[in-house]
Every structure is written in structure tokens, then in C-alpha cells.
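The values are calculated or read from the model by the stated rules, or taken from the named source; none is laboratory data. Everything numeric in this text was worked out from a predicted model, so none of it was measured. Virtual Cβ from ideal backbone geometry, glycine too; neighbours counted across all protein chains shown.
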Amino acid sequence: MRKREEMRLFFGIACAILALLMFEDILHGRWFETEETLQEGGVMNLFLGGAVWGMLSFGLRLQNRRWKPAYDRFYEEWKQKLKKQQIWFGLIELAALWAAAMNFLYIYEHSWEYSNYSTGYALVITVLIQGIVCEIILLSYMKRKLEEYMEALEEINKKNLEAALRSEQMKVDLISNVSHDLKTPLTSMVGYIELMKKEELTDVLGDYVEVLSRKAQKLKEMIDSLFDLAKTSSGNVELKMEPLEMNRLIEQVYADMEDRIAQSGRELVISLAEENTGFTADSGYMYRICQNLLENALKYSQEYTRIFLKTLVLPEQGEKQKVRFEITNTAGYRMEFTKEQIVERFARGDESRTTDGNGLGLAIVNTYTAALGGSFDVNIDCDQFKAAVEFLK
């Protein structure tokens, strides 16, 4: 690369010497005919163009050899440098035009010495042409710098993406392995606790065993959720897609959770669409999505408030309609989080952690919905929390 730049510089110098010789000839060619002057001026512009190309290209590389801007602000620095160089080139061209104009005025005032004004015309035209050549060379050089930056940035982004994917896979593997290793001893503990419940125990011991049973069952559910979440996030799942009915699915989830809903003290208001709410999905995953959304509303809603469950068929968008299930509740705590934060694993809107939850519910909804090809959305308006899932009919 260095040898090529030196060759370019030598070529530019050689062209500059030839151009200067012709320039001097034109400048003193007082008795040239117009056609002869313009022809010689054209040849001179060819040599001068070669000189500008070789020397300016070398100069730009030399000037910017230490230019290593940070990638996060490269484009801003690139624009500033281009603007600064264009200003300098513009000032130089204006100075050259002024000198050419002064030369033309001199010829005009001393017309008795010159056969015509072609020498003055030739110099003005030369300045304009070489100004355009300089602008083209500058833009070409800056374009190459931008392309080099984009290629380097693409390579950096590629490496970052690969590192992020490896990191995410490591997290998934860690959660899967830990969940799997915990399930075996926990299953044994649950089994022994169930055996203890069948023995004759004092009232105090019976209460202790009952508490142990509930906590162990809760821990088992959380580990199962972690394992399922990690498995789904890795894409290592087999989906059994089949025709489903959103209205029937909501009715089934409500019926299965009716006792818990009654104990919660919340009132459920259900509004089911009159249209056909059929769509295609995995029944097990869809049941878990709807169940988690309802459990989330029961855990985190204000006591003695209403929870609204609604299904609807959205107007046709593109080729197909969408089926939507949304659930709205009034939160029992201050909601100071975003959608992105609340769907993170172990994230909870109740930062005081006084409610019964582990922060996996909406993360599971988000992951399962994406795996089924649907979309999950959260809308927060003051104390109103609305979560919705949509699927193509």
C-alpha cells in the first residue's frame, strides 16, 4: 500500500511539472490563436488533473493516517471532517478564481498587447475544472473511508452478535442444567413430605408439614417453569399445532381456576367475542399463556377490584385477521417499569416483593407467545395494567 501511494505521488509530481510548463507557455502566449490556446489548455488540464489526483490523494492519506475515531461517533466525525475539507477547498478555489479573474482583467486592460482574450478564458476554465476534480477526489476518498468504517462496523456487530448468542446459550444451558439437577432431590423431598402427612402427627408437627408441603410444591412449580422457559428460549421444543378456539380456552382456564378466583376476592368480568375466535397453536402452551396472564392479574391487582378478560377478532390486516385476548387489572402497587423490564426473567412490578410471585409469569408468556408465532404486548396507564396476546386466525 505504501509503495502504491509513493508511485501515485511521483505520477502527480510528473504531471504537475508538465502542467506548469504548459501553463507558463499559455500565460505568455500573447499571440496564440483562440483555437490553439484552448487546445493547449485542454491538454494542460489533463496533466493538471493527473497532478491533482496523485498529489491530493497522497495528501489526504497522509493527513488522515492517524485518524482513528471511536466507532460510536464515527459518522459525526466523518461529516465534520468532510465539511471542514470542503470549506478549505472552497476557499482555495475562490482564491484561484480571484487570481484568474485578475489575470483576465489585466489582459482586458492591455488588449493592445494580446491578439485575443483566450488566455484569460483558459485560466478561468482551468480553475473551474480543477475545482470539480478536487471535489470528486475528496468525495471519493471520504466515501471509501465510510465504506471501510461500515465494513469494520459490520464485522464488529457480527462478533458482538455471536458473543451475545453464545452468552445467551450459556445462560439457557446453565438454567436447564441447574433446573434438572434440582428436580431430582426436590421430587424426593416432596415424596417424603407426602408420606409424613400420612403419619399420625401432633397438631404442631402437622402444621409444619403442611407448610413444608406448600413451600416445596411452590419451589417445584418454579423449577419446572425455569426448565420450560429455558427449553423454549433455546428453540429446542416440539410444537403440536392444532385448531383452537380462544373463547373455549378462556372458559376452560376460568373453570379450572374458579376456586382460586373466589378466594382472591377479585371479581372477574368476562367479555367474549361473538365472532369465531378460531386460530392455530399448541394447546398446552396456549393454556399456560392464558393461565399465567390470569395468575399475574390475581397476584398483583388491588384487592376487591375487578379484572377484565376480553376476547375479540381484530379487523382484517393484510391477508388474515387476528384473534386477541387481553386482560386488564388495577395494580395494587406503583408501576414504575417499562414493558421491556416487566417481561424479563425474575422481574417483578412489586419491588417490595410482598406479593406471591417469582417474576417468571410474564417472561413465560412472552417466550411462549413468540414460539407460537404470536405477539405479546403490555400497556401501562397510571394504575391500569393491560396485557394482551394476538395470533393469526
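One table, with the values for the structure above:
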quantity	calculated
Test: residue in segment 286-307 that is assigned to a loop (DSSP other than H, G, I, E, B) and either surrounded by 18 or more Cβ atoms within 10 Å (Cβ to Cβ) or not assigned by TED's automatic domain parsing to the domain that holds residue 363 (or both)	no
Segment 194-222, subset modelled with pLDDT of 80 or more and touching a helix residue (DSSP H, G or I) at 6+ places or on another chain (Cβ under 6 Å), residue nearest to residue 182 (Cα to Cα)	216
Residues of segment 243-270 classified as more than 19 Å from residue 296 (Cβ to Cβ) and in contact with a strand residue (DSSP E or B) (Cβ under 7 Å, 6 or more places away or on another chain), total	4
Residue match in segment 259-278 (condition: of a type in the set (A, V, I, L, M, F, W, C), out of contact with any helix residue (DSSP H, G or I) (no Cβ under 6 Å at 6 or more places or on another chain), surrounded by 14 or more Cβ atoms within 10 Å (Cβ to Cβ) and touching a residue at least 60 places away in the same chain (Cβ under 8 Å))	no
